[in-house]
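Okay, so here's the structure we're looking at.
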Amino acid sequence: MLYRKVHADTDGKKTPWGKRGWKSFYTVLKGMVMIFLKDEYRSDLQCPEEVISVHHALAERASEYTKRPHVFRLQTADWRVFLFQAQTSEEMNSWIARINLVAAMFSSPPFPAAIGSRKRFVRPILPSAPCKLCLEEQLQSHESWMDTFTDDLTEHQRNLPDSKSKARDWEDYHLRGEYLRFEKSRYETYVKLLALRMQKGCDDLSIWESLLGVSNGVQEDDSCGLKRSHSSPSLNPESSPMVIKVKRNISERRTYRRIIPKRNKNLV
């Protein structure tokens with residue numbers, strides 16, 4: 001069971017307030033799609049309420065959303081954004097890992113960018129058909145795209161629009177930068193997951209998830225010198241920082257009093 005909230009529609013447009021409510025669904029990740037059902041999943045697969053494709057998608061923990069616990073964020077290929085709440089932190093991490101692994105294994109390489117007369121930035125179309133490459137070739141493809149987006153983002157950040165440019169040019173610059181940062185992060189995640197899957201060669205996803213947790217430093221290992229992160233809300237700091245109160249001298253305090261001019265006795 002997952003609670004779902006639609007945060008943004010196609011092209012990242014904010015969802016109207018009346019359609020942002022949380023709804024509970026029995027959710028199944030089958031192939032490259034997430035199936036949302038009213039009741040528990042059966043083999044005959046009753047008519048789903050909705051289906052979301054996860055090709056070229058990226059799931060990550062919604063650290064900025066603090067109203068509910070165990071919430072992760074899913075951004076799809078058409079830039080729709082969903083928030084999901086799991087029952088526990090372990091379930092949340094499992095959903096994130098498996099969604100990203102499916103997207104990394106079966107997302108086909110993107111089509112070449114369209115050539116047109118318009119100067120405005122337009123995101124390329126991403127194919128929804130499953131990839132036919134083997135895992136090694138898929139990993140090489142992801143690494144190549146990761147390097148490409150890294151170089152494009154660096155070049156984009158160096159070439160700022162002219163100070164006299166129109167507002168439309170600045171908006172186009174920010175849209176392109178947001179797209180490049182997301183694609184760079186997405187392919188970095190894909191490369192990491194596929195490399196670990198090929199390195200360990202384990203078909204059991206439970207074992208793969210445990211190895212993924214160790215590689216991320218989730219489990220504490222004193223021999224490796226890993227320390228708890230004080231920024232994590234689930235971990236208590238080992239020692240609270242010392243607070244020293246400095247008492248200011250009375251002479252250092254600024255006092256304000258009303259100054260009343262003396263009355264001139266010579267005035268009649």
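The values are calculated or read from the model by the stated rules, or taken from the named source; none is laboratory data. In this text, all values refer to a predicted model and were calculated from it rather than measured experimentally. When we count neighbours, we look across all protein chains shown, and the Cβ atoms used for this are built from the backbone with ideal geometry, even at glycine. Heads up: the accessible areas ignore ligands, DNA and RNA and are worked out on the full protein's heavy atoms, side chains in. Shrake-Rupley method; radii C 1.70, N 1.55, O 1.52, S 1.80 Å.
Eigenvalues of the alpha-carbon gyration tensor of segment 127-214, scaled by 5 and square-rooted, set the equivalent ellipsoid semi-axes at 36, 13, 11 angstrom, largest first. Each Lys or Arg adds one and each Asp or Glu subtracts one; over the other residues with Cβ under 14 Å from the Cβ of SER128, this totals +1.
Quick one: ranking MET198, MET105, MET1 by accessible area, 1.4 Å probe, largest first, what do you get? List each step's numbers first, then the result.
Details: MET198 75, MET105 35, MET1 100 Å².
Per-residue accessible area, sorted high to low, gives MET1, MET198, MET105.
Put LEU196, LEU133 in order of accessible area, highest first, and with a 1.4 Å probe you get LEU133, LEU196.
Taking amide H as placed 1.01 Å from N in the peptide plane, THR15 has its amide H under 5 Å from the amide H of ALA8, ASP9, each at least 5 places away in sequence or on another chain.
Scalar couplings 3J(HN,Hα) for segment 52-60, obtained by applying the Karplus form with A = 6.51, B = -1.76, C = 1.60 to θ = phi - 60°, are 10, 7, 10, 5, 6, 9, 9, 10, 8 Hz; x denotes Gly and Pro. Can you give me the solvent accessible area of TRP22 with a 1.4 Å probe, rounded to the nearest 10 Å²? Counting only protein heavy atoms, TRP22 exposes about 60 Å² to solvent. To the nearest 10, the accessible area of TYR173 is 30 Å² with a 1.4 Å probe. Taking each pair of different alpha-carbon atoms in segment 69-182 once, compute 1/r for the pair, average those values, and report the inverse of that mean as the Kirkwood hydrodynamic radius in Å to one decimal. Hydrodynamic radius (Kirkwood, Cα only) of segment 69-182 equals 16.8 Å. Sites listed here are GluC sites (Glu not before Pro) in segment 41-110 whose DSSP assignment is loop and whose Cβ has at most 16 other Cβ atoms within 10 Å: GLU49, GLU64.
When only the heavy atoms of the protein chains count and the probe is 1.4 Å, how do VAL122, VAL6 rank by accessible area, highest first?
So the residues, ranked largest to smallest area, are VAL122, VAL6.
Per residue, what accessible area does segment 1-96 have, given a 1.4 Å probe and all protein chains present, in Å²?
Numbers: 5360 Å² over 96 residues.
With the other protein chains kept in place, segment 1-96 gives 56 Å² per residue.
Judged by the mean number of other Cβ atoms found within 10 Å, the most tightly packed of the peptides 188-194, 8-14, 34-40 leads the ranking 188-194, 34-40, 8-14. In the structure shown, the pairs LYS30/LYS132; LYS67/LYS192; LYS13/LYS164 are assessed against 21 Å; a Cα-Cα span above that value is assigned to LYS67/LYS192; LYS13/LYS164. In the context of the full protein assembly, CYS134 retains an accessible surface of approximately 70 Å², using a probe radius of 1.4 Å and ignoring ligands and nucleic acids. Accessible surface calculations at 1.4 Å, restricted to protein heavy atoms, place segment 145-195 at 63 Å² per residue. Would you work out which of PRO16, PHE106, LEU74 lies farthest towards the positive end of the dipole of segment 1-146? Charges go on Cβ: Lys and Arg +1, Asp and Glu -1. Value computed over the given set: PRO16.
Ignoring any ligand, DNA or RNA, what whole percent of the accessible area of segment 1-116 comes from carbon and sulfur when the probe is 1.4 angstrom?
Numbers: 3320 of 6330 Å².
C and S fraction of accessible area: 53 percent.
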